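Read-outs throughout are calculated quantities, based only on the coordinates presented, and are distinct from any laboratory measurement. Since this is a predicted model, take the numbers as computed values, not measurements. As a convention, Cβ positions derive from the backbone with ideal geometry for all residues, glycine included, and neighbour counts pool all protein chains shown.
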Ligand code: 5AD
Ligand code: SF4
C-alpha cells in the first residue's frame, strides 16, 4: 500500500501493488443526474487514507454531494494526500497540475486537498498552490460541507485542527472501491510512537481508539451486506484500548479481535499494522483460537540493527524482534509475517545494513514493503540526525533487500505447491474472466479456474500446483473433512 517508491516499481512491480494509488472508485458511482452536485476523489498513501476517503464520501453525501469517477464532471475535486516520503508529495503536486487544467476549462470547479499533506503544509498550501480552495486535515472532515459552502462563495478555507477525540465512530463509510467482499474498518486514529523518521504523529495527531461497539456494529452490517472479510485498521492496532464510558470496562486489541471474530464464523478478520513492542501473546492466542482470524501479521522491522533501531526510536532491538518472530511461529507455525523496511537511514553503515539483510532471512517474510530513507521536514531525525547515506548507496542497499525478499517469497510460495487451502473468492483474476482470484488465510493470492454457480464472497478449497514470488495457481477440489 505504501507504494510510491520508484525504485521498487522499476525493480519488481510484483512486490507491491501499484494499482491502488490514485484510485478513484467503482463504476456503480459513475451515474450523474442533471442538477446534482458531484465530487471526485483520488486517494494516495496508506489504507487508512483510503478508508478516510470513504468517510469523506459519507459526509459529503449527507451534504448532497454524490461521487463521480469523471473529474471533468465534478463540481468538487478532492485529493487525499500522503506525506510519508518526498515522492508521495511530488505525486500530489503533479496531480494538482492536472486539476489546474480542468479548473481552467471549467471555472467554478473547486479543488480541495485532504489528508496528511494538508495537515503538514496547512495554510501554506493556499499560497503555494493558487488553484486550491480548501485544505482539510484528517481530523476535520466533518467541517467539509461548511468549508465547501464557503468556497462556493469565494472564501478559501483551511481546517487542520487535530483532535484528541475524533474517531468518526458514528459515520457509515460509503464503500468507494468495493469489490463487495473485503472492506476496511478503521479502529483507531493517530499515533503516539514517535519513530524518528516518521511524519505520521504530526499529520494524524495523538492516538485514540474507537468504540468497540461501533466497530462490531460496522462489521456486522458489512457481513449482512454480503462482505466476508474486514481489515481492522490503525497505525498501531496492538495499542488499541477503549474504555466503555458506562461501565468503565476496557477492551484491548486481543479482546476486540475475539469480539469481531464472533460476528460470524464466515467473516474473516485481518488487521494492520502491528508494532513489535506492543503485540502481545494474548493477540497471538486470539489469532490461534479463532479460525476466522487470518494467520497473517504485518510486523514492520524497519531495520535489523540495534543501533539503527535505537536511532529510529523503535523501542525494541534486534534480539527482541527475533524473539517476537520465534514466538509467532511457535504459537502459529502456519502464520505468514510481512514487514516494512527502510534502507540507508541516517549513519547506517554497510555492516549495519547487513544486519537488515540477515533479519529478512531470519524472519522469512512472505512479503515486504521496502523503501530507501526519505528525510521528512520536522521529524526528530530531520532535526537531530544527518541524512548522510548517499542516494546511490541507499538505492543499492534497497535493491539488495528487494532481491533477497523476492527470492524468499518465491521459495515460500513454491513450498505451498501440493498443499490445499481454504480460499475466499474476491473476484475475477486480472487476466481472465474464466478464473477467480482469492486469498488464503496467510494473505497469499491464489488464481484458479471458476466452477459453475460460484460468486465472489464464496469460500472454496483449492489445491496449489504452481507458484511465482507473488502468486499461487491452483485447481478447486472437494473440501477436506
Ligand atoms: N522514509 C522512508 N520510509 C518511511 N516510512 C515511514 N517514514 C519513512 C521515511 N521518512 C516507511 C516505514 C513505515 C511505512 C509506512 O513507510 O517503513 O512502516
Ligand atoms: Fe501517508 Fe502516513 Fe498519512 Fe498514511 S498516515 S497517508 S502513510 S503519511
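Taking the DSSP bridge list for the chain and keeping only pairs wholly inside it, about 35 percent are antiparallel. Estimated from helices alone, the mean residue ellipticity of the chain at 222 nm is -10000 deg cm²/dmol (sum of -39500 (n - 2.57) over DSSP H runs with n ≥ 4, per residue).
Using a ≥ b ≥ c from the Cα gyration tensor of segment 104-236 (square roots of the eigenvalues), is it rounded, prolate or oblate, where a/c under 1.5 gives rounded and otherwise the larger of a/b and b/c decides, a/b for prolate? In terms of gyration-tensor shape, oblate. From the alpha carbon centroid of segment 247-304 to that of segment 424-452 is 25 Å. Simple spin-label estimate for residue 388 and residue 320 gives 2.5 nm between the two label positions (7 Å along the Cα-to-Cβ direction from each Cα).
Sorted on the mean count of surrounding Cβ atoms within 10 Å across their residues, most packed first, peptides 41-51, 276-286 read 41-51, 276-286. Centre-to-centre, using Cα atoms only, segment 196-217 and segment 61-96 are separated by 22 Å. Based on C-alpha pairs under 8 angstrom that are at least 6 apart in sequence, segment 344-481 has a relative contact order of 21 percent. Computed from the alpha carbon atoms alone, the convex hull of segment 182-414 holds 128 Å³ per residue. Relative contact order, whole percent, for segment 182-414 stands at 17, derived from Cα pairs under 8 Å and 6 or more residues apart.
For the chain, the Cα gyration tensor yields ellipsoid semi-axes of 34, 29, 23 Å (square root of five times each eigenvalue, largest first, whole Å). Across the chain, Cα pairs under 8 Å and at least six residues apart give a relative contact order of 10 percent. Modelled spin-label separation between residue 161 and residue 122, with each label point placed 7 Å from Cα along the Cα-to-Cβ direction: 1.5 nm. Treating r as the C-beta distance of residue 340 and residue 463 and R0 as 35 Å, the FRET efficiency rounds to 0.60. What whole-number distance in Å separates the alpha-carbon centres of segment 310-341 and segment 102-170? When both Cα centres are located, 39 Å separates them. From most to least packed by mean Cβ count within 10 Å, the peptides 243-254, 225-236, 366-377, 418-429 give 366-377, 225-236, 418-429, 243-254.
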